[in-house]
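Asks: Would you mind keeping the following structure in view while I ask a few things?
The values are calculated or read from the model by the stated rules, or taken from the named source; none is laboratory data. Everything numeric in this text was worked out from a predicted model, so none of it was measured. Positions of Cβ are generated from backbone atoms using ideal geometry, with glycine treated the same way; all protein chains shown enter the neighbour counts.
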Amino acid sequence: MMKIFLDTAIIEDIRSRDSTGLIDGVTTNPSLIRKSGGDPVEVVRAISEEFPHFESISAEVVANTAVEMIDQAQAFKDMRNVTIKVPCTVEGLKACKALASEGFTTNVTLIFSVAQAILAAKSDATYVSPFVGRVFDNSFDGLDLVKNISHTYKEHFVRTQVLSASIRDVSSVSSSFTVGADICTIPVKVFDSMYNHVLTDKGLELFQQDWDSIGK
C-alpha cells in the first residue's frame, strides 16, 4: 500500500489535509519544529493527540551519544503513534537498536547509500529515510538510491519500510513509488500540487460548459 506522510509540524496544515482522508502520517525535524514556534515535545504531543489514527508521527532526537538519544526519546514514550528519528551514525544506530528493543518504532534518517540502509535494517529500524532531493543536489540520482534500497530489502525479505524523504516535486513522489518506496513524506505544497493537472482543469471546464448548455 502506498502511504503519504506530510512533512510539517504545523497543526493547521495537517488538519486541513487530513480532512481528505489521504494522509497516513507526519514527519517532523528540528527545522520544522522551529517553524511551528513550539516546544519539540509539546508540538509532537499535540499532533499525536489530535491525529491518533496516523500510523506514525516522527520526533527527531538530537544528541552526540546513543545514551543521550535514548534519554531524549523517553519524553515520547507515552505517545502511542510517535516514531523516534535517529541519524545514520554509529551512535544513532546503537540508539535505534536499543529503542527498538524497548518497543519504540524508529526511523533512521539522513540515508545516502545502500550500505547505510543495510545497517539501519540490521539495527531493527521500522523505517529508513533516503534523502532524494539532497542526493540530487550532489549530482547523484536520488531515485536510483530509493530503487536500490527497495530492491535490496525485497531480495533479503527485510521488513524495514523505505520512506522517500527530501522530496521537492510531484514527479519525485510518483517516481519514488514506481521504484519501490513504501512511503513518501512530502511538504504540504507538494501534496497540494498532486491534485493539479492542466488537462483535468480543461476537462472540468468543458463538462461545466456542457452542463450549463443542458440547463439552458
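Asks: From the list ILE33, ILE11, ILE4, which residue is in contact (Cβ under 8 Å) with a residue 12 or more places away in the chain and either more than 17 Å from SER166 (Cα to Cα) or of a type outside the set (Val, Ile, Thr) (or both)?
Replies: ILE11
Asks: Might you let me know whether the range 84-93 holds any residue that is surrounded by fewer than 17 Cβ atoms within 10 Å (Cβ to Cβ), in contact (Cβ under 8 Å) with a residue 12 or more places away in the chain, not β-branched (Val, Ile, Thr) and not in a helix (DSSP H, G or I)?
Replies: No; the residues of the range 84-93 include none that is surrounded by fewer than 17 Cβ atoms within 10 Å (Cβ to Cβ), in contact (Cβ under 8 Å) with a residue 12 or more places away in the chain, not β-branched (Val, Ile, Thr) and not in a helix (DSSP H, G or I).
Asks: Does PRO30 satisfy being closer than 29 Å to SER123 by Cα, modelled with pLDDT under 95, buried (at least 19 other Cβ atoms within 10 Å of the Cβ) and not polar (S, T, N, Q)?
Replies: no
Asks: Do you know which of the residues in the range 132-167 that are modelled with pLDDT under 95 and surrounded by fewer than 20 Cβ atoms within 10 Å (Cβ to Cβ) is farthest from ASN107 (Cα to Cα)?
Replies: Checked the range 132-167; the qualifying residue farthest from ASN107 (Cα to Cα) is SER139.
Asks: Run MET2 past the list (1) in contact with a Phe, Trp or Tyr (Cβ under 6 Å, 6 or more places away or on another chain); (2) crowded, with 17+ Cβ neighbours inside 10 Å; (3) not aromatic (Phe, Trp, Tyr) and report the number of the one that doesn't hold.
Replies: Going through the list (1) in contact with a Phe, Trp or Tyr (Cβ under 6 Å, 6 or more places away or on another chain); (2) crowded, with 17+ Cβ neighbours inside 10 Å; (3) not aromatic (Phe, Trp, Tyr), MET2 breaks only (2).
Asks: How many residues does the range 63-82 hold that are closer than 20 Å to ASP7 by Cβ and touching an Asp or Glu at 6+ places or on another chain (Cβ under 9 Å)?
Replies: Matching residues across the range 63-82 total 2.
Asks: A follow-up question, please. Can you tell me how many residues in the range 67-83 are assigned to a loop (DSSP other than H, G, I, E, B) and in contact (Cβ under 8 Å) with a residue 24 or more places away in the chain?
Replies: Going through the range 67-83 one residue at a time, the tally reaches 4.
Results for (1) hydroxyl-bearing (Ser, Thr, Tyr); (2) modelled with pLDDT of 95 or more; (3) under 26 Å from ARG159 (Cβ atoms); (4) surrounded by 13 or more Cβ atoms within 10 Å (Cβ to Cβ), shown as yes or no for each residue.
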position: GLY37; (1), (2), (3), (4): no, no, no, no
position: VAL43; (1), (2), (3), (4): no, yes, no, yes
position: PHE54; (1), (2), (3), (4): no, yes, yes, yes
position: ALA63; (1), (2), (3), (4): no, yes, no, yes
position: GLU68; (1), (2), (3), (4): no, yes, no, yes
position: ALA73; (1), (2), (3), (4): no, yes, yes, yes
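Asks: Got a sec? Which of LYS216, LYS122 is modelled with pLDDT of 95 or more, on the phi < 0 side of the Ramachandran plot and among the basic types (Lys, Arg)?
Replies: LYS122
Asks: Moving to a separate point now. Could you grab me the full set of residues in the range 94-114 that are of a type in the set (Phe, Trp, Tyr) and crowded, with 19+ Cβ neighbours inside 10 Å?
Replies: Within the range 94-114, just PHE104 meets the criteria.
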